[in-house]
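These notes concern the structure reproduced below.
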Amino acid sequence: MSAAEPLLRVEDLRVEFPSEDGIVHAVDGITYQVQKGRTLGIVGESGSGKTVSSLTTLGLTRREGARISGRILFEGQDLVTLPEEQLRAIRGNDIAMIFQDPLSSLHPLYRVGAQLVEAVRAHREVSKAQARARAIELLGLVGIPDPARRVDEYPHEFSGGMRQRAMIAMALMNDPKLLIADEPTTALDVTVQAQILALMERLQRELGMAIVIITHDLGVVAEVADDIAVMYAGRIVETSSTGQLFAAPEHPYTWGLLKSIPRLDGPREEELVPIPGTPPSLINRPSGCHFHPRCPYAQPDHARIDPLLAPVPGAPNHHVACLLEAEVRERLWAELAAGATPEQALAEVGVPGAPA
Amino acid sequence: MIRYIIRRLLWGVLLLIIVAGLVFVLFRVLPTTNPAVLRAGRDPQPKLIKEIEVVLGLNKSLPTQFWDYLKEVFLHFNLGYSYYSQESVRSLIVERLPATLSLTLGAAVLWVLGGLSVGIISALRRHSLLDRGAMGSALVLISVPEFWLGLVLLFLFASDIGKFKIFPGAGSYVPLTTDPWKWFTSLIMPWFVLAAGSAAIFARLMRSSLSEAMKEDYIRTARAKGLPEKAVVRQGVRAAINPIVTLFGLEVGVLLGGAILVETVFNIPGVGRLAYQSIQSSDFPVVQGTVLLASMFIILANIVVDVAYAYLDPRVRYS
């Protein structure tokens, strides 16, 4: 494996679920990669396919009758075609995952320690005592006080933040090379969220693993991610480094996400602008650009033409799937960044607005 | 925990007294023949009846009779004497208890093991032919009464009157101590009949309970950890078992009720048949004794279930 080969490379991944109402196109041809020791943030609304894509990485959508195509290359091995038994050897071992709700993700009837111990013993021939020592070590590492005592407690005796710490400890039991964190802070109090994010950053520095963090919260990825992929309706609509994305976002959906979160450094009178409408159905998706029904800047032909993810001129690592001219996008964002509403920006830039 | 158990046992005793009272009232209110007349023989003199009434204590007021009865039962474990045979009810029951225990314990094992394994297989192979077949038969077994199922089996498989002479028929019961093999073969059909309904309910409940559990987030976590599927299922079963345990306490009562019918159909000399016979002949002390015994088993089973709960679910704690 060459030095440039990423740890995880997902190529044109598609995941479809046949349902009674039709085929659910949960993930529709996404491509991304994660380098060793780096953090990728996948951002999107619920139903954008971000969770399904990561569950598929671990082979956890297979038994739900998903139709999967494309490639998921982990250290050169294609996880899409890997036999279940070999994939199981990777799950929780080289690739570990933590989930949104730590209370429901821990088994209520087993001691926390036992749940950590079985994570090791599923992959390694170690004695119970060794595994238990490892569990206590990791509970301590993730900041649980008095781990030698708490290892024998049940999940309901832990606070929300401690449960997520325990989940992280469980994920780290086998020194994974990649940690997938699906909305790891969503179910937690704001103060605890910050602690968990800080913990993940510290652990990444100390252990050198790569992280894929899935969230709907741009604030979370701004804090921890090196690169960001924005997903909409099963596709990646924009991807770049974190700094670039926040400095010069290109996709109207990303603008919408940015304008719908409050900023401390913006003018006080600046109003929050929510993205109109609701996420589309993944069975009957909008024609053309899937975002066009909710896009304030959509042109009539955007309902016909399907945009491709293409590099932004002058920024080779920044990709966007948008039909607007690059120069128009630049001027629109300049107006929006200065505090204009989408309508004002449209008038200022002089492109005709979306048909009402 | 000890205090909880003691408290539950004391409540259980109170419950038994209430049950005794209910049965007592029921049999005095219902129009049955005067027990004294039953024992007096053909064309009795009124004087003789009066004498017998005095011997049986029937001349006293009802509350006094009840009080005397309770004192005997709870202080001396004396359940009274049969109106017919004069035998002590306690020894009548003790004599027949081994047969009933053989029947009910064997049926309980079959019920729990059969019900759970069918339910687990059905939950893991949902909508398969196996699942549909098992759930369809379960519905049939829940619906048919024991006496009907028992008679059908006898007509089909009994070695005397059956179409296919496979199992020993009615009246073939032998105590375990006499001949273990004959004991076993004679009980195969009764066990099946008695266990069928409860096992079917267990199978259906286990199926839905496990299906739900397998959708839980912690099962996804278990898979994400890379546990073998067997271990994943074990965690699902562990979570699914709790509602089943509750049902066990309730179904013990159904099982004991069923024992009356099954013992009668298969002519097994147990407490159930004793109850059936004494109901037919208005032998009140014997009925009272069997009802109290059954109530005691049901109350104990439910205490055991509640205590087991504390061990099965760490979130449940009694004080």
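A few points about this structure:
- A:Glu84 meets the conditions (1) modelled with pLDDT of 90 or more; (2) touching a strand residue (DSSP E or B) at 6+ places or on another chain (Cβ under 7 Å) in every case but one. The failed one is (2).
- From A:Ile68, A:Ile42, A:Ile90, residue being at pLDDT 90 or above, touching a strand residue (DSSP E or B) at 6+ places or on another chain (Cβ under 6 Å) and crowded, with 22+ Cβ neighbours inside 10 Å: A:Ile42
- A:Leu336 meets all of the listed conditions (1) at pLDDT 90 or above; (2) part of a helix (DSSP H, G or I); (3) aliphatic (A, V, I, L, M) but one, namely (1).
- Qualifying position, being buried (at least 17 other Cβ atoms within 10 Å of the Cβ) and either within 9 Å of chain B (Cβ to nearest Cβ) or of a type outside the set (Val, Ile, Thr) (or both), among A:Gly76, A:Gly49: A:Gly49
- Criterion violated by B:Pro269 - all others in (1) assigned to a helix (DSSP H, G or I); (2) more than 30 Å from A:Gln164 (Cβ to Cβ) satisfied: (1)
- Every residue from region B:232-242 that is under 29 Å from the mean Cα position of the chain (by Cα), touching a residue at least 12 places away in the same chain (Cβ under 8 Å) and at the interface with chain A (Cβ under 7 Å from one of its Cβ atoms): B:Ala239
- Some residue of region A:218-226 being without any contact (Cβ under 8 Å) to a residue 40 or more places away in the chain and farther than 24 Å from A:Ile72 by Cβ: yes
- Residue, surrounded by the fewest Cβ atoms within 10 Å (Cβ to Cβ), within region A:176-189, restricted to residues that are out of contact with any strand residue (DSSP E or B) (no Cβ under 9 Å at 6 or more places or on another chain) and farther than 15 Å from A:Gly143 by Cβ: A:Asp189
- Test: residue in region A:149-158 that is touching an Asp or Glu at 6+ places or on another chain (Cβ under 8 Å) and not in a helix (DSSP H, G or I): no
- Whichever residue in region A:93-119 is among the polar types (S, T, N, Q) and surrounded by fewer than 22 Cβ atoms within 10 Å (Cβ to Cβ) and, among such residues, is nearest to B:Ala239 (Cα to Cα): A:Ser104
- Options A:Met162, A:Met170: the member that is in a helix (DSSP H, G or I) and within 12 Å of chain B (Cβ to nearest Cβ): A:Met170
- On the stretch given as region A:52-65, residues that are assigned to a loop (DSSP other than H, G, I, E, B) and either in contact with a helix residue (DSSP H, G or I) (Cβ under 6 Å, 6 or more places away or on another chain) or buried (at least 17 other Cβ atoms within 10 Å of the Cβ) (or both) total 4.
Rundown of residues vs (1) small (Gly, Ala, Ser); (2) under 20 Å from B:Ile17 (Cβ atoms); (3) touching a His at 6+ places or on another chain (Cβ under 7 Å); (4) at pLDDT 85 or above, yes/no style:
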position: B:Ile244; (1), (2), (3), (4): no, no, no, yes
position: B:Ile279; (1), (2), (3), (4): no, no, no, yes
position: B:Gly289; (1), (2), (3), (4): yes, yes, no, yes
position: B:Leu292; (1), (2), (3), (4): no, yes, no, yes
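- Lone qualifier among A:Pro147, A:Pro155 - being in contact with a Leu (Cβ under 8 Å, 6 or more places away or on another chain) and within 14 Å of chain B (Cβ to nearest Cβ): A:Pro155
- Members of region A:159-175 found to be surrounded by fewer than 21 Cβ atoms within 10 Å (Cβ to Cβ) and either among the charged types (D, E, K, R) or in contact with a Ser or Thr (Cβ under 6 Å, 6 or more places away or on another chain) (or both), listed by number: A:Asp175
- Out of B:Arg42, B:Arg7, sole residue that is part of a helix (DSSP H, G or I), of a type in the set (Lys, Arg) and without any contact (Cβ under 8 Å) to a residue 60 or more places away in the chain: B:Arg7
- Odd one out for B:Leu130, checked against (1) farther than 30 Å from B:Ile219 by Cα; (2) free of Cβ contacts under 8 Å to residues at least 60 places away in the same chain: (1)
- Criterion: surrounded by fewer than 19 Cβ atoms within 10 Å (Cβ to Cβ), part of a helix (DSSP H, G or I) and either at positive phi or of a type outside the set (Ser, Thr, Tyr) (or both) - qualifying residue of B:Ile93, B:Ile142: B:Ile142
- If the condition is being in contact (Cβ under 8 Å) with a residue 12 or more places away in the chain and of a type in the set (Ser, Thr, Tyr), then region A:176-216 contributes A:Thr185, A:Thr186, A:Thr215.
- All told, A:Asp175 falls short of being in contact with a Gly (Cβ under 9 Å, 6 or more places away or on another chain), within 14 Å of chain B (Cβ to nearest Cβ) and outside any strand (DSSP E or B).
- Taken over region B:220-231, the criterion of being within 10 Å of chain A (Cβ to nearest Cβ) and either on the phi > 0 side of the Ramachandran plot or under 36 Å from the mean Cα position of the chain (by Cα) (or both) is satisfied by B:Gly226, B:Ala231.
- Residues being more than 7 Å from every other protein chain (Cβ to nearest Cβ), outside any helix (DSSP H, G or I), farther than 30 Å from B:Asn242 by Cβ and not hydrophobic (A, V, I, L, M, F, W, C) - total across region A:82-139: 5
The values are calculated or read from the model by the stated rules, or taken from the named source; none is laboratory data. Predicted model, so just to flag it, every value in this text is computed and none were measured. Cβ atoms come from the backbone with ideal geometry, glycine included; neighbour counts cover every protein chain shown.
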